[in-house]
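What follows is one structure encoded as structure tokens, with my remarks underneath.
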């Protein structure tokens with residue numbers, strides 16, 4: 001009897017879920033009526049995706065939410081009531097695409113109602129030039145909240161990982177006597193302790209590498225600011241600020257479309273960096289790399305990270321020659337097809353293959369993996385490239 005009740009309850013739950021998915025069209029086949037919270041939740045879905053007479057020509061739901069600011073603001077509040085944050089963010093992105101929500105985001109009241117995330121920041125940055133002055137401060141506050149949340153998540157691990165990499169890269173295996181790091185040398189040779197003599201016989205000496213310690217590593221982040229790279233631009237600005245805060249790394253941030261902008265002097269505030277970008281437009285990777293190459297003074301101590309989907313609008317052969325030239329000079333070069341939590345990005349596979357032929361890794365990277373990638377590049381060891389999936 002108990003099993004029967006459980007089976008009946010499970011069946012009703014399945015019907016409920018299918019009813020919410022299918023939208024209550026007479027042909028949905030569920031025959032399940034909604035009430036209370038479920039009915040209100042269904043109303044928010046219908047407002048965005050539409051139903052009945054608002055169906056599109058192929059029968060799919062079409063957008064049914066009116067474009068007035070008050071109704072959209074109420075709807076934004078409702079979805080935050082009924083759905084978890086991850087679902088809210090997806091629905092907001094759909095609203096931007098389907099309902100022209102981007103235009104309404106120019107209203108301060110609307111910005112205060114939305115769930116802030118990386119994608120919303122990308123949308124705001126694309127609207128930056130059209131943003132009225134009365135909206136700008138609210139938009140900056142929204143962007144700053146997202147940036148601060150990302151910094152809390154990413155900064156500590158990034159600094160710890162890179163500090164370890166810089167420390168290891170500065171050590172030398174055959175130090176002069178006055179350059180020996182005795183604490184690390186003893187720790188590394190404890191297995192060679194001789195009890196009878198109460199001493200450690202070091203087989204491997206670890207040195208400070210004084211010359212290496214006095215020379216900072218240089219990191220150049222070269223970031224494509226075309227529209228498809230919005231999330232990558234946001235993450236790159238945060239990482240750029242974190243790297244710039246480390247005295248042992250000299251960080252330069254270059255953003256580009258068909259023109260090149262050096263935002264290094266804004267790295268103390270990633271929000272200023274983001275509002276200095278202009279998402280959209282064409283792409284000239286070769287010009288951006290030329291700008292980077294001209295400013296490299298110590299190639300063997302430099303890491304260049306190109307963050308781009310590699311859809312080159314400039315001179316392809318020149319771009320590849322430039323990468324090869326930097327590699328030959330000793331620059332550690334990495335190409336990230338995306339720096340985001342999204343799935344496999346769209347990118348120019350031919351250009352990625354051409355870079356791979358030059359022994360330049362080209363892969364998509366999550367923000368959580370980025371510190372390990374940078375550490376490997378600094379130490380000039382194989383990169384932790386994720387499996388294609």
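Remarks
- Subset tally (residues that are surrounded by 19 or more Cβ atoms within 10 Å (Cβ to Cβ), touching a helix residue (DSSP H, G or I) at 6+ places or on another chain (Cβ under 9 Å) and over 18 Å from residue 285 (Cα atoms)) for the range 360-375: 6
- The conditions of being surrounded by 15 or more Cβ atoms within 10 Å (Cβ to Cβ) and in contact with a strand residue (DSSP E or B) (Cβ under 9 Å, 6 or more places away or on another chain) are met by residue 310.
- Residue check, residue 204 at pLDDT below 70 and either surrounded by 15 or more Cβ atoms within 10 Å (Cβ to Cβ) or not assigned by TED's automatic domain parsing to the domain that holds residue 267 (or both): no
- Residue count for the range 126-149, restricted to those that are surrounded by 20 or more Cβ atoms within 10 Å (Cβ to Cβ) and under 15 Å from the mean Cα position of the chain (by Cα): 3
- Selection within the range 99-115 - exposed (fewer than 15 other Cβ atoms within 10 Å of the Cβ) and in a loop (DSSP other than H, G, I, E, B): 100
- Which numbered condition residue 316 fails, given (1) in contact (Cβ under 8 Å) with a residue 24 or more places away in the chain; (2) in contact with a strand residue (DSSP E or B) (Cβ under 8 Å, 6 or more places away or on another chain): (2)
- Top-ranked residue of the range 350-359 - restricted to ones that are touching a residue at least 12 places away in the same chain (Cβ under 8 Å) and touching a strand residue (DSSP E or B) at 6+ places or on another chain (Cβ under 7 Å), ranked as surrounded by the fewest Cβ atoms within 10 Å (Cβ to Cβ): 352
- In this entry, residue 336 passes the filter for residues that are touching a strand residue (DSSP E or B) at 6+ places or on another chain (Cβ under 9 Å) and closer than 14 Å to residue 229 by Cα.
- Any hit, the range 89-96, residues being surrounded by 14 or more Cβ atoms within 10 Å (Cβ to Cβ) and either touching a strand residue (DSSP E or B) at 6+ places or on another chain (Cβ under 6 Å) or modelled with pLDDT under 70 (or both): no
- Any hit, the range 360-378, residues being more than 19 Å from the chain's Cα centre (by Cα), without any contact (Cβ under 8 Å) to a residue 40 or more places away in the chain and in the same structural domain as residue 300 (by TED's automatic domain parsing): yes
- Test for residue 266: is it out of contact with any strand residue (DSSP E or B) (no Cβ under 6 Å at 6 or more places or on another chain), surrounded by 18 or more Cβ atoms within 10 Å (Cβ to Cβ), without any contact (Cβ under 8 Å) to a residue 24 or more places away in the chain and closer than 30 Å to residue 168 by Cα: yes
- Residues of the range 183-200 satisfying the condition of being under 25 Å from residue 167 (Cβ atoms), exposed (fewer than 15 other Cβ atoms within 10 Å of the Cβ) and more than 43 Å from the chain's Cα centre (by Cα): 191, 192, 193
- Selection of the range 216-255 for residues being surrounded by fewer than 20 Cβ atoms within 10 Å (Cβ to Cβ) and part of a loop (DSSP other than H, G, I, E, B) yields 216, 245, 246, 247, 248.
The values are calculated or read from the model by the stated rules, or taken from the named source; none is laboratory data. Because the structure is predicted, anything quoted here is derived from the model rather than measured. Note: ideal-geometry Cβ built from the backbone for every residue, glycine included; neighbour counts use all protein chains shown.
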